[in-house]
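A.B. asks: I'd like to ask some things about the structure below.
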Amino acid sequence: MTKKLFIETVGCQMNVLDSELVVGSLRRQGYSLTHEIRDADLILVNYSKASVGTSMEVFYASHDLGKFVIAFSPLSFKDCSPWMARFCTKILPDLDVALTYIERHF
């Protein structure tokens, strides 16, 4: 059975490019992309600014659905949205670290 990936991208064009790279890498590992957060086995959040919409989506996914949520962001932990800090399972500093973490643990 194929694992499903949901990715939320917030911020600049570089974030969009990073997200596309992540999707390509994870597809090679057997993931398919889903646009339904409910269907996702893994949720990634790529952001360079805190967003209420993203925070609420992550809160819903982690709290109500019990999903594993990984965020990668250049922001320091103290500069992340309090909702993101509380409800993301992991917050990692960049794309490469996030991909390495996924490869090792999933």
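A.B. asks: Here's a check for you: in segment 1-22, which residue that is closer than 13 Å to L95 by Cβ and in contact with a helix residue (DSSP H, G or I) (Cβ under 8 Å, 6 or more places away or on another chain) is surrounded by the fewest Cβ atoms within 10 Å (Cβ to Cβ)?
C.D. replies: Per the criteria, the residue is L21.
A.B. asks: Another question, if that's okay. How about segment 1-25: which of its residues are part of a strand (DSSP E or B) and closer than 16 Å to A71 by Cβ?
C.D. replies: L5, F6, I7, E8, T9, V10
A.B. asks: Could you run through segment 74-97 and say how many residues are in a loop (DSSP other than H, G, I, E, B) and either acidic (D, E) or at pLDDT 80 or above (or both)?
C.D. replies: Counting residues in segment 74-97 that are in a loop (DSSP other than H, G, I, E, B) and either acidic (D, E) or at pLDDT 80 or above (or both) gives 4.
A.B. asks: In the list A71, A61, which residue meets the criterion of being under 18 Å from Y101 (Cα atoms), modelled with pLDDT under 85 and not in a loop (DSSP other than H, G, I, E, B)?
C.D. replies: After ruling out the rest, the residue left standing is A71.
A.B. asks: In segment 1-51, what count of residues is obtained for those that are within 17 Å of P74 (Cα to Cα) and of a type in the set (K, R)?
C.D. replies: Counting residues in segment 1-51 that are within 17 Å of P74 (Cα to Cα) and of a type in the set (K, R) gives 1.
A.B. asks: While we're here: Please verify whether segment 26-43 includes one or more residues that are in contact with a Ser or Thr (Cβ under 8 Å, 6 or more places away or on another chain) and part of a helix (DSSP H, G or I).
C.D. replies: no
The values are calculated or read from the model by the stated rules, or taken from the named source; none is laboratory data. The structure displayed is predicted, hence computed values, not measured ones. All Cβ positions, even for glycine, are placed from backbone atoms using ideal geometry, and neighbour counts span all protein chains on display.
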